[in-house]
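These notes concern the structure reproduced below.
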Amino acid sequence: MEETRARITREGIRIYEDADFAGMAKAGRCAAEILDLVAPLVKPGVTTGALDDFIRGEIERRGVTSATIGYKGYQHASCISVNHVVCHGIPGAKLLAEGDILNIDVTVIVDGWYGDTSRMYVAGTLPRKAERLIEVTHEALMRGIAAVKPGATFGDIGHAIQSYAEANRMSVVRDFCGHGLGRVFHAPPNVLHYGRPGTGPVLEEGMFFTIEPMVNLGRPETKVLADDWTAVTRDKSLSAQYEHSVGVTATGCEIFTLSPAGKFFRTWE
Ligand code: MF3
Ligand code: CO
Ligand code: CO
């Protein structure tokens, strides 16, 4: 095993050490476990604020830290994005209704390492159109992850995601992207969920980042509401998102945010 490879690339991307993977895996597992535990609470008649209260409680109970509370003034332990909300939905008094689909996004800090992950949930019975959107979004993420290995480029990841979503006549959001993370929440590079093969920075062993595609049934354009957080589809079409935190290994990648319960994709089952 090499002594050290710690450095920053010309694009400003930090290269972490072998030993750092364990810290990320612990943080990622913690976030994923909380997303497992919230699943049974998601049903019609519950408020998104109640789900966030539960998540906050789980974070406190574990003695870890929420990365989002206090982040740029954000006051909540999760983002909960319902139906046409693309991302950064603020938990509150909103009641879930039968057939609503929602993304819950949690980021925790464990021993200084950030674990960032999100999944889709449904209140009640999943409508068929929403099911297709959710399936395509999950598969788009997994295809992006499958492109991760040393020597590939960030454009390869974006292309894998975009080409799959568009082949299914859905669109990829351009206004938000994945990000480097590690001992910080958001670091270079911007991980675009669209792109051309062979473009962008070259992946190297020891890079840590998220992939978190947002896919819409309609057009890709978004707008941010007056609360300065909530991003919605301009055409009000349904939107879905899945997010994993990953680290590049010698042969591919390690997913830090795998569900301990095996419930990442169809969290509601
Ligand atoms: N977890 C989100 C991400 O995937 C960021 C949320 S920032 C917040 O990058 F302030 F809105 F919570
Ligand atoms: Co993220
Ligand atoms: Co996130």
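Annotations
- Per residue accessible area of region 212-269, 1.4 Å probe, in Å²: 43
- Aspartates and glutamates with Cα under 18 Å of LYS26, excluding same-chain neighbours fewer than 8 positions away: GLU17, ASP18, ASP36, GLU58, GLU60, ASP105, ASP111, ASP116, GLU243, GLU254
- Under 28 Å from the Cα of LYS223 - lysines, other chains or at least 8 residues apart: LYS43, LYS72, LYS94, LYS129, LYS236
- Kirkwood hydrodynamic radius of the chain, from inverse mean 1/r over distinct Cα pairs, in Å: 18.4
- For the chain, averaging the sequence separation of C-alpha pairs within contact (under 8 Å, six or more residues apart) and dividing by the residue count gives a relative contact order of 24 percent.
- Per residue accessible area of region 15-155, 1.4 Å probe, in Å²: 36
- Residue-averaged [θ]222 nm for the chain, counting only DSSP H segments that reach four residues, each worth -39500 (n - 2.57): -8000 deg cm²/dmol
- In terms of packing, defined here as the mean over residues of other Cβ atoms within 10 angstrom, the peptides 252-261, 16-25, 137-146, 111-120 line up highest first as 111-120, 137-146, 252-261, 16-25.
- The share of C-alpha pairs in region 71-155 whose separation exceeds 22 Å stands at 41 percent.
- Sorting 183-195, 121-133 by their mean Cβ neighbour count within 10 Å, with the most densely packed peptide first, gives 183-195, 121-133.
- Residue-span extension gain [ALA22 to SER163] - 0.36 nm each, minus C-alpha spacing: 47.5 nm
- Comparing Cα centroids, region 218-269 and region 143-167 end up 15 angstrom apart.
- Spread of Cα-to-Cα distances over 5 Å intervals beginning at zero, given as percent, for region 71-226: 2, 9, 17, 21, 20, 16, 11, 4, 1, 0
- Accessible carbon and sulfur surface of region 199-269 relative to its total accessible area, %, 1.4 Å: 54
- For region 1-147, the share of accessible area belonging to carbon and sulfur comes to 53 percent (1.4 Å probe, ligands and nucleic acids excluded).
The values are calculated or read from the model by the stated rules, or taken from the named source; none is laboratory data. The shown structure was predicted, so the numbers you read here are calculated from the model rather than taken from an experiment. All Cβ positions, glycine included, derive from the backbone under ideal geometry; neighbour counts span all protein chains shown. We work out accessible area using only protein heavy atoms, side chains counted, and drop any ligands, DNA or RNA first. Shrake-Rupley method; radii C 1.70, N 1.55, O 1.52, S 1.80 Å.
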